[in-house]
Amino acid sequence: TSLATVVAGCPLSSCLYNASGPLCTTAAELDAVGSSEAGAILSKSATLEKRQGNPSPRYFETTWGSINSMGLPNEGYRYYLDYAKRAATFNKPYFISVSGLGFEDNVAIIRALSGQEHVSAIELNLSCPNVPGKPQTGYDFEQSRVLLEMIFEHVTTPLGVKLPPYFDLPHFEMMAAVLRDFPIAFVTCINSIGNGLVIDTDQESVVIKPKSGFGGIGGDFIKPTALANVRKFYTLLDKDVAIIGCGGIKSGMDVFEHILCGASAVQVGTQLMREGVGCFARIAAELREIMGGKGYRDIDSFKGKLKTLE
Ligand SMILES: CC(C)(C)CCc1c(C(=O)O)[nH]c(=O)[nH]c1=O
């Protein structure tokens with residue numbers, strides 16, 4: 001099931017939409033995405049119950065991007081399920097991101113969401129926490145398999161996974177080997193680069209309160225890693241698995257690069273947080289300009305067609 005199938009009932013009105021996280025936690029924020037040029041609406045990762053998340057400051061913008069350790073603040077999955085009928089009024093797909101605090105929570109949430117009207121797809125956040133002291137699920141290939149086996153016993157709604165960034169080629173192969181065994185609809189690459197550190201040199205301190213200042217990095221510096229992950233999974237997985245690009249997108253050219261690597265659609269995170277939902281119209285217009293200049297009438301004309309040298 002490719003993304004086209006996923007959103008067949010309600011095609012993406014543009015290949016750009018919001019990344020899970022920024023400006024998608026409340027109905028008002030989701031409405032703003034729905035009313036914008038975004039091609040779809042994606043919720044903040046949902047847990048079983050509402051969460052306040054970590055103490056502030058928990059998000060910080062830099063000139064090149066952002067660092068965050070939000071701690072999964074969200075309204076609880078029922079809120080995002082209830083929102084689905086309102087999402088439908090925007091005539092664009094509505095995706096719910098899920099990040100249960102344990103495998104049982106993930107199964108319970110996905111069983112409740114599966115088959116529900118107006119929920120176009122589920123994005124399972126594999127950066128979801130697992131056993132404390134063990135690597136996050138996305139970095140534990142056996143645990144990822146275990147979770148996906150549990151999930152696919154119960155889910156009928158198209159489901160994709162949000163992956164953390166990988167850096168070592170065998171890790172791409174190991175994760176692809178897991179994903180090939182399940183009927184996933186899409187793979188979103190990448191989540192923020194984990195556990196970075198940003199320093200305020202005047203104060204000689206970290207800039208966010210949780211985790212001694214350690215947090216997920218987004219923005220300009222993560223684009224090369226995001227592009228590599230999009231490209232790798234595009235080449236490793238079956239072509240009917242859509243790859244959604246996320247990471248370092250703030251212009252039409254950034255979108256062009258993600259699509260060249262094989263992305264069928266892209267998500268905007270840090271730039272959405274900085275610019276607001278107006279970023280979708282601006283970036284989409286820039287992409288149209290670039291495509292026109294290069295003589296491309298549609299995305300399939302250049303999707304995945306990145307050349308190597310010789
Ligand atoms: C990091 C987790 C809290 C385990 C998951 C939620 C999440 C967060 C968050 O809510 O802190 N931030 C991210 O950049 N990516 C994520 O996937």
Which residues, counting only those in region 153-177, are within 19 Å of the chain's Cα centre (by Cα) and hydrophobic (A, V, I, L, M, F, W, C)? Leu159, Val161, Leu163, Phe167, Phe172, Met175, Ala176
Which one of the conditions (1) in a loop (DSSP other than H, G, I, E, B); (2) of a type in the set (Ser, Thr, Tyr); (3) within 11 Å of the ligand (Cβ to nearest atom) does Thr188 fail to meet, given that it meets all the rest? (1)
Within region 174-208, considering residues that are small (Gly, Ala, Ser) and more than 22 Å from Pro135 (Cα to Cα), the one surrounded by the most Cβ atoms within 10 Å (Cβ to Cβ): Ala185
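Conditions (1) more than 12 Å from the ligand (Cβ to nearest atom); (2) of a type in the set (Gly, Ala, Ser); (3) within 12 Å of Gly71 (Cα to Cα), marked per residue:
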site: Gly34; (1), (2), (3): yes, yes, no
site: Ala38; (1), (2), (3): yes, yes, no
site: Leu42; (1), (2), (3): yes, no, no
site: Arg51; (1), (2), (3): no, no, yes
Return the residues of region 191-239 that are within 13 Å of the ligand (Cβ to nearest atom), among the charged types (D, E, K, R) and at negative phi; say none if nothing qualifies. Lys209
Across region 63-120, the tally of residues that are at positive phi and of a type in the set (S, T, N, Q) stands at 1
Among the residues of region 78-85, are any within 15 Å of the ligand (Cβ to nearest atom) and surrounded by fewer than 16 Cβ atoms within 10 Å (Cβ to Cβ)? no
Scan region 201-214 and report the pairs whose first residue is among the small types (Gly, Ala, Ser) and whose second residue is modelled with pLDDT of 95 or more, with Cβ atoms within less than 6 Å and a gap of 6+ or a chain change. Gly213/Leu197; Gly213/Val206
Restricting attention to region 156-173, the residues that are crowded, with 21+ Cβ neighbours inside 10 Å and either under 30 Å from Gln116 (Cβ atoms) or at pLDDT below 95 (or both) number exactly 7
Suppose we filter Ser66, Ser43 for residues that are crowded, with 23+ Cβ neighbours inside 10 Å, in contact with a Ser or Thr (Cβ under 7 Å, 6 or more places away or on another chain) and touching a residue at least 60 places away in the same chain (Cβ under 8 Å); which single one remains? Ser66
Residues of region 131-143 satisfying the condition of being buried (at least 23 other Cβ atoms within 10 Å of the Cβ) and touching a strand residue (DSSP E or B) at 6+ places or on another chain (Cβ under 8 Å): Gly138
If I go through region 107-130 residue by residue, how many of them are within 13 Å of the ligand (Cβ to nearest atom) and surrounded by fewer than 24 Cβ atoms within 10 Å (Cβ to Cβ)? 4
Val146, sole failed condition from (1) touching a Gly at 6+ places or on another chain (Cβ under 6 Å); (2) surrounded by fewer than 21 Cβ atoms within 10 Å (Cβ to Cβ): (1)
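The values are calculated or read from the model by the stated rules, or taken from the named source; none is laboratory data. Quick caveat: nothing in here was measured; it's all calculated off a predicted structure. Using ideal geometry, Cβ is built from the backbone for each residue, glycine included, and neighbour counts are taken over all protein chains shown.
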